[in-house]
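What follows is a single structure, written as structure tokens, with notes after it.
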Amino acid sequence: MKPFLRRTAYTGPVQAVILDWAGTAVDHGCRGPVAVFSRAFERYGITPEVAEVRAPMGREKREHVQAMLAMPRLAGLWRAAQHSAPDDAATNAVFAAVQELMPETLADYAAPVPGCVQAIAALRAQGLKIGSCTGYSRDMMARLLPRAEAAGYKPDALVTADEVPQGRPWPWMCYLNCQRLGVHPPEAVIKAGDTIADIEEGINAGMWSVGVTRTSNALGLTAQEAAALPAEELCRREQELGRAFLDAGAHYVLSSIADLPGLVDQVNARLARGERP
């Protein structure tokens with residue numbers, strides 16, 4: 001592909017999408033990491049609430065532990081249970097448990113979300129490349145990757161948080177995806193994820209940032225639980241989360257990445273007019 005020289009606005013088509021993993025492409029409701037962080041803290045006599053576990057979701061996992069230990073309730077519980085400050089040593093201790101528990105646990109949460117495999121096929125039929133990034137480390141992904149592939153989901157590139165200087169909301173994972181995919185400029189890319197950190201990552205990378213709601217960490221519902229909710233209640237919850245994504249700067253909000261193929265033409269039209277994210 002001929003390099004794009006930034007002398008004028010890019011008016012070509014979308015070249016790639018970059019997808020988050022848990023809560024976006026696989027693991028409807030982002031259940032895997034919730035289980036891991038809960039078990040890791042329980043080793044130290046602390047039972048975190050689900051909301052406390054989910055709040056930092058999307059970030060690099062050591063940073064996630066650090067953010068949880070900075071929460072006043074959990075910090076107090078740590079002091080009471082461990083008779084020490086929730087400092088770097090505490091972060092390292094809990095993170096070591098997370099590293100141990102994560103690979104095996106995630107293997108049980110590798111199922112692609114409904115419509116994911118079909119959406120990837122449709123995007124590839126449109127000529128797009130498929131990148132991916134995650135707050136997990138490469139070791140944490142070791143058992144998840146073959147399970148996801150066996151279920152039909154295999155992106156063209158994967159970047160993990162331990163491969164870059166900082167994780168989300170920094171844009172480095174997105175940039176490394178572009179290098180590996182051979183994609184440029186960043187406005188030719190759609191970045192999709194299910195957390196505010198994902199939205200901010202896409203914005204910082206100069207990409208079209210898309211939030212997904214139904215499969216998200218914030219809703220925390222399995223596909224079966226989402227289907228069992230009254231339609232009005234599910235719609236209300238998705239709309240509420242969608243507003244939070246838009247307030248964070250998302251360019252688009254979708255119920256699921258199953259809807260991504262239909263978004264490409266809209267972004268192509270904006271790019272053809274010389275618009276940038």
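Just so you know, all these numbers are worked out from the coordinates, no wet-lab data involved. The structure presented is a predicted model; accordingly, all values stated were derived computationally and were not measured. Note that we place each Cβ from the backbone using ideal geometry, even for glycine, and neighbour counts take in every protein chain shown.
Find which of Val267, Leu246, Ile257 sits farthest along the positive direction of the dipole of segment 221-277, computed with +1 on the beta-carbon of Lys and Arg, -1 on that of Asp and Glu, about the Cα centre. My answer, from the dipole projection, is Val267.
With everything on Cα atoms, drop me the angle between helix 88-106 and the longest principal axis of the chain, reported from 0 to 90° to the nearest 10. Value to nearest ten degrees: 60. Of [x] 19.1; [y] 19.6; [z] 18.1, which is the value of Kirkwood radius over Cα pairs in Å derived from the coordinates here? Read-out taken from this structure: [x]. Note on the chain: with charges restricted to the Cβ of Lys and Arg (+1) and Asp and Glu (-1), its dipole about the Cα centre is near 720 debye.
Couplings 3J(HN,Hα) of segment 123-132, computed from phi: 5, 5, 5, 7, x, 8, 9, 10, x, 7 Hz, in residue order, whole Hz [Karplus 6.51 cos²θ - 1.76 cosθ + 1.60, θ = phi - 60°; x for Gly and Pro].
Arranged from highest to lowest average of other beta-carbon atoms within 10 Å per residue, in what order do the peptides 190-199, 7-16, 139-148 appear?
Numbers: 190-199: 28.8, 7-16: 15.6, 139-148: 18.9.
For the peptides 190-199, 7-16, 139-148, the packing ranking is 190-199, 139-148, 7-16.
Using a simple spin-label model with pseudo-atoms 7 Å out from Cα toward Cβ, Ala51 and Arg180 lie 3.6 nm apart. Nearest 10 degrees, 0 to 90: what angle lies between the long axis of helix 231-247 and the longest principal axis of the chain (Cα atoms)? It works out to around 80 degrees.
Going through segment 177-277, which GluC sites (Glu not before Pro) have at most 16 other Cβ atoms within 10 Å and a DSSP loop state? Could the numbers behind the result be given before it?
On the way: sites: Glu187, Glu200, Glu201, Glu225, Glu232, Glu233, Glu238, Glu240, Glu275; in loops: Glu275.
Hits after loop and neighbour filter: Glu275.
Amide H contacts under 5 Å for Cys133: Leu19, Asp20, Trp21, Val159, restricted to partners 5 or more places along the chain or on a different chain, H placed in the peptide plane at 1.01 Å from N. Between Ser84 and Ala223, the modelled labels are 4.4 nm apart [label points 7 Å from Cα along Cα→Cβ]. The magnitude of the dipole of segment 1-60, with charges of +1 and -1 set on the Cβ of Lys/Arg and Asp/Glu and taken from the Cα centre, is near 440 debye. Helix 172-181 and the long axis of the chain differ in direction by around 50°, with both axes built from C-alpha atoms. Rounded to the nearest Hz, the phi-derived 3J(HN,Hα) couplings of segment 29-46 under the Karplus curve 6.51 cos²θ - 1.76 cosθ + 1.60 (θ = phi - 60°) are x, 6, 7, x, x, 4, 4, 5, 5, 4, 5, 5, 5, 4, 4, 10, x, 10, where x marks glycine and proline. With the charge dipole of the chain set up from +1 on Lys and Arg Cβ and -1 on Asp and Glu Cβ about the Cα centre, the Cα lying farthest toward the positive end among the listed residues Ala40, Leu123, Pro169 is that of Leu123.
The dipole here belongs to segment 62-183: it is taken about the Cα centre, uses +1 on the Cβ of Lys and Arg and -1 on the Cβ of Asp and Glu, and is about 360 debye. A simple packing score, the average count of other Cβ atoms within 10 Å per residue, orders the peptides 163-171, 41-49 as 163-171, 41-49, with the highest score first. Here the Karplus relation 6.51 cos²θ - 1.76 cosθ + 1.60, evaluated at θ = phi - 60°, turns the backbone of segment 261-277 into coupling constants of x, x, 7, 4, 4, 5, 5, 4, 5, 5, 5, 4, 7, x, 6, 10, x Hz, with x for every Gly and Pro. Under the simplified labelling scheme, the Ala75-Ala150 pair shows an inter-label distance of 4.4 nm, with each label point 7 Å from Cα along Cα→Cβ.
Between Val26 and Val113, the built amide H atoms are under 5 Å apart, and every one of these is 5 or more places off in sequence or on another chain.
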